[in-house]
1. For the stretch 179-191, does any single residue satisfy the condition of being at pLDDT 95 or above and under 24 Å from Asn643 (Cα atoms)?
2. Any residue at all in the stretch 481-500 that's within 30 Å of Ala522 (Cβ to Cβ) and hydrophobic (A, V, I, L, M, F, W, C)?
3. Does any residue of the stretch 524-531 turn out to be surrounded by fewer than 19 Cβ atoms within 10 Å (Cβ to Cβ) and either in contact with a Gly (Cβ under 7 Å, 6 or more places away or on another chain) or of a type in the set (Gly, Ala, Ser) (or both)?
4. The conditions are (1) small (Gly, Ala, Ser); (2) open to solvent by 10 Å² or more (accessible area, probe 1.4 Å); (3) outside any loop (DSSP other than H, G, I, E, B), and Gly149 fails exactly one of them. Which is it?
5. For the stretch 319-375, give me each residue that is buried (at least 20 other Cβ atoms within 10 Å of the Cβ) and among the basic types (Lys, Arg).
6. From the set of residues in the stretch 649-686 that are in a loop (DSSP other than H, G, I, E, B) and open to solvent by 60 Å² or more (accessible area, probe 1.4 Å), which is nearest to Ala199 (Cα to Cα)?
7. Condition (residue is in contact (Cβ under 8 Å) with a residue 40 or more places away in the chain, open to solvent by less than 40 Å² (accessible area, probe 1.4 Å), part of a strand (DSSP E or B) and under 30 Å from Tyr515 (Cα atoms)) applied to the stretch 582-599: is it met by at least one residue?
Amino acid sequence: MEKSYFKDLKYLFKINKRENIMKKTLTLSLLAVSALYSADITLDPIDVESTIVTDVAQKAQTSADLAQALSDNVPAIDMNRRSAIANDILIRGQKRDNIAVEVDGTKTYGACVNRMDPPVSHVVANQIDKVEVIEGPYDVTTFGTLSGGVKITTKKPSKDLKASINLGFGSWNYKKFGATVSGGNDIIRMIATVSTESADQYHDGDGNTLSQQLDNYLGSTIAPQSYQAQYKDAPAYKKTSAMAKAFIKTYENQELRLSVTANRSDDILYPNSKMDARYDDSNIYSVEYNIDSISDTYKNINLQYYHSDVDHPMDTAYRMSSYGANPVMTNWLTTDMDGLKLKNRFDLSGYKLLVGLDGSKRKWDGHYEKNYNEYYLPGGNSRKSIDNAVTKNAAIFAKVDKKYGALNLSVGARYDDTSISNDTYQDNDYSSFGANILGTYNITKTNKIFFGVGQAYRVPDARELYFVSKTGNLIGTQNLQQTKNQEFDLGYELNNENFEFKIKGFYSMLSDYIYFNKDNAAQNAFENIDATVYGGEVSASIYLTDDMSVDMGASYKRGKKDAPLAGQTGTNLADMAPLRGNIACNYEYANNSIATLEVRASDRWKDIDEENGEQVIAGWAVLNAKVKHAVNKKFDFTLGVNNILNKTYAVSNTYADLTLIAGGTSDIMLLNEPGRYIYTNLDFKF
């Protein structure tokens, strides 16, 4: 008789123990959560500094939004709700350029200064093989990994012919179609994926659509930021994406890897912003040459060239501010990135050595338009939001791993030289040296302690240095210093066949942290401050029987400025979500068929930076349920309900570094989460 799902887990765990495999499978509180929201996600082996998230693409259920999937499954990640799609992430309270995002080694950025197109939105769930979430300054291979990072690996082509189709349907007219086909021979392997999805505006727990939330906040349906009557019931978004890869064997142990990803999102509503996105178009290209087993000591060389670009116009076309004879105002932004990375791997008498070179060039440009025509300042100068800013980086990095009995050590270092220029304001040059030490000590075969000490930097971006309002005011601060993070992590992990437990704490000291000062919002709004962030994450899984398990997880963080900003009194750091957690019960009622009931909850968000736009947010708890049923090996379906009790709640705060709508019933408009959501998902494999 075939073993049940949980028996298989126990069996695999025993095998791993006998082979003394260091990286354990984390079944996580998050296995259940994953089943409930955007994707069925499991956490694979996890290092001291990172968490590996797999199966993201297999069953994206409520949307293909990666931010939703990650925040539901990794305790260190919170989601910043911007719309029904294309939401942003925070790792331990850090976002924007404080965390780095890569897709298949391609450093990825958005073009929007208001984060309507965050980097994680440029790839969709059905394209993804796995995601590595780095917690802390522990990645020397990537430019700008200050406080964390996300490394997305998309699916690789297989030699065997395989295909899959995914169909999704849900409340508020949500529809999704995804398909993948892969195959090849000994010389060439190829894969292609396509995905399309769309949805109407979701309703919050009070039954309000996105436009109704806005009207309720403004207290009027004819305020300038309100939607025009013909757009109040407009769809929330439409998104289409495609990916193609070809891996070509050129010689023995040598391979040419070609990849292209195209993402097209249209008419995305952002109700608590002053503009909506007309479209977001992005492309990611990669050409990679890989050689394995060069000699007994020279294990691998990998050379990659990549390019990414984003085209993002946002405007007021749907709003009352452009009604009748009033003009449509547009801020049109583009960005493109070119990079070259060389990695060499060696095995020298038990020392595993990685040495590499990294170079990149990013251009960021933006201008304002009036009725879709160039918009000029008095005197005839074009109204530029970012004037051809170019960031050039060159770096060398190295990492060495060594095992000493029960102790595993890893040491990494990186040197960066960066220049930032533009066509209007001063240029800036930065250099930095970052390093880290990571260690794991195996107390016994079933429990270990781990630690990390690291230092990393990130330079200011063009928005923080050079962004200009449509009236011609310099919102950026052109003489900003680069930010330094010095961090210490410490944790403990226990794994046996009936119980898994992991706890991790961190303490981060930020020097010249780049912060938005609301009091200076009209001119030079960004400044360098010193701050401290500390907190931790905990997760556990209990196998009650062969068929039942309980999973749980929680995270907490707190951030403090060393001193208040000039003219202010508060020292709370923005974006520090409160204590949040989940607990889930899983029951495998048939082979590979699982029913899950889960509660997710958050404490009241009371430690806020009120002087810079944040507000107290009530605590919340929501109940979710899901059944995933395997009809056979080729077909399974899912039926689920999120927010069963139809609660009205918000997860994202209103720090003023985002331009959000203000002046209504409270200081800045909060955006509520979806209310009760019923969905089904159908998966076919061929």
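1. Looking for residues that are at pLDDT 95 or above and under 24 Å from Asn643 (Cα atoms), one finds none in the stretch 179-191, hence no.
2. no
3. no
4. Exception for Gly149: condition (2).
5. Passing the criteria: Arg319, Lys341, Arg362.
6. Among those residues, the one meeting the criterion is Arg676.
7. No, that holds for no residue.
Rundown of residues vs (1) open to solvent by less than 10 Å² (accessible area, probe 1.4 Å); (2) assigned to a strand (DSSP E or B), yes/no style:
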| site | (1), (2) |
| --- | --- |
| Ala111 | yes, no |
| Asp117 | yes, no |
| Val131 | yes, yes |
| Lys159 | no, no |
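The values are calculated or read from the model by the stated rules, or taken from the named source; none is laboratory data. Predicted model only: the values in this text are computed from it and were never measured. A quick note on method: Cβ atoms are made from the backbone with ideal geometry, for glycine too, and the neighbour counts reach across all protein chains shown. SASA here: full protein model, heavy atoms, side chains in, ligands and nucleic acids out. Shrake-Rupley method; radii C 1.70, N 1.55, O 1.52, S 1.80 Å.
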